[in-house]
Amino acid sequence: MQRLLWRGLAVMVVLAMIGSSAIAATVITTKKIDVVYRGIKIYVDGRLITPTVEPFIVASNGTTMVPLRAIAEAVGRNVAWDEKTSSIYLTGGATAPVVPTPSQVVAPVVTPDPEPQFVLLSQIRILRNVGGGFYRQVSKPMRIAGREFVEGIGAVVDDTADKQAAEMVVDLAGKYSRIAGFVGVDDETRNSKGGYILYIKADDRQIYRSHLIYPAQYPFYIELNVQDVKRLAIIAEWQEISKIGDSTKVIPALVDFRLYP
């Protein structure tokens, strides 16, 4: 099933037999993260597996986290947890497998999910484009914190009166249910003194306001409900973040933005 640019597969360990008593002697820290749940499915050799813990995407960097035990056991591996060293061991599982004769082999019937249809944001009709002006990057890929994206929309904002904000309004005509993509600052302006805040409005109703987005920050993923929305406004507003930098120019980057019916 097609996904929005998987940026690597990290592994989240889910060990059902380990309770609250399985606390290692090593230093334990906790972190709060924003995650995105989007009904991720896991197939092993064409077979859908259903883990007890739902996979999710780390919003800050697009990394997908999946339960290790469910995947390991689906491929016949054993999983062991060492409480003293906080270590996980995968072993070869059972002894030599039983190989069926050709007459016993029944090919599984796999019915893949239909790939979701989408339209790129850059393909939507523009109703308004003012201020710093949004544009489609076609001459070269956009890069955010070193990551390269083929499909991207950018703008130019700085501290001058006519470019402190860029606004683009596109015509959705009520055809789409959600919009999703990654946001950041194009590396061309990584030494800027400025950053920006991103606002998204649906039919003049604000549905999203970002944190302060600054150069060299990792791209982060957003997904918004645009059911029955006729006009979508995307606004990037310049903000000063430092007294040190080569310029005040900032290029807000919206990459791999897709609209789904």
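The figures follow:
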read-out: Single unsatisfied condition, Ile153 versus (1) among the aliphatic types (A, V, I, L, M); (2) touching a helix residue (DSSP H, G or I) at 6+ places or on another chain (Cβ under 7 Å); (3) assigned to a loop (DSSP other than H, G, I, E, B); value: (3)
read-out: Strands (runs of 3 or more DSSP E) lying entirely in segment 177-216 (those with 3 or more residues that are open to solvent by less than 10 Å² (accessible area, probe 1.4 Å)); value: 178-185, 194-202
read-out: Number of the exception - Gln227 against (1) surrounded by fewer than 19 Cβ atoms within 10 Å (Cβ to Cβ); (2) polar (S, T, N, Q); (3) in contact with a strand residue (DSSP E or B) (Cβ under 6 Å, 6 or more places away or on another chain); value: (3)
read-out: Unmet criterion (only one of (1) part of a loop (DSSP other than H, G, I, E, B); (2) of a type in the set (Gly, Ala, Ser); (3) surrounded by 18 or more Cβ atoms within 10 Å (Cβ to Cβ)) for Ala233; value: (1)
read-out: Any hit, segment 160-172, residues being open to solvent by less than 30 Å² (accessible area, probe 1.4 Å), under 25 Å from Gln123 (Cα atoms) and touching a Gly at 6+ places or on another chain (Cβ under 7 Å); value: yes
read-out: Hits in segment 236-261 - residues which are open to solvent by 60 Å² or more (accessible area, probe 1.4 Å) and either under 24 Å from Val138 (Cβ atoms) or assigned to a strand (DSSP E or B) (or both); value: Glu237, Glu240, Lys249
read-out: Lone unmet requirement of (1) at pLDDT 50 or above; (2) in contact with a Leu (Cβ under 8 Å, 6 or more places away or on another chain) for Val14; value: (1)
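The values are calculated or read from the model by the stated rules, or taken from the named source; none is laboratory data. Every value quoted in this text rests on a predicted model; they were computed, and no experiment measured them. Positions of Cβ are backbone-derived with ideal geometry, glycine not excepted, and every protein chain shown enters the neighbour counts. With ligands, DNA and RNA removed, areas are computed over all heavy atoms of the protein, side chains included. Shrake-Rupley method; radii C 1.70, N 1.55, O 1.52, S 1.80 Å.
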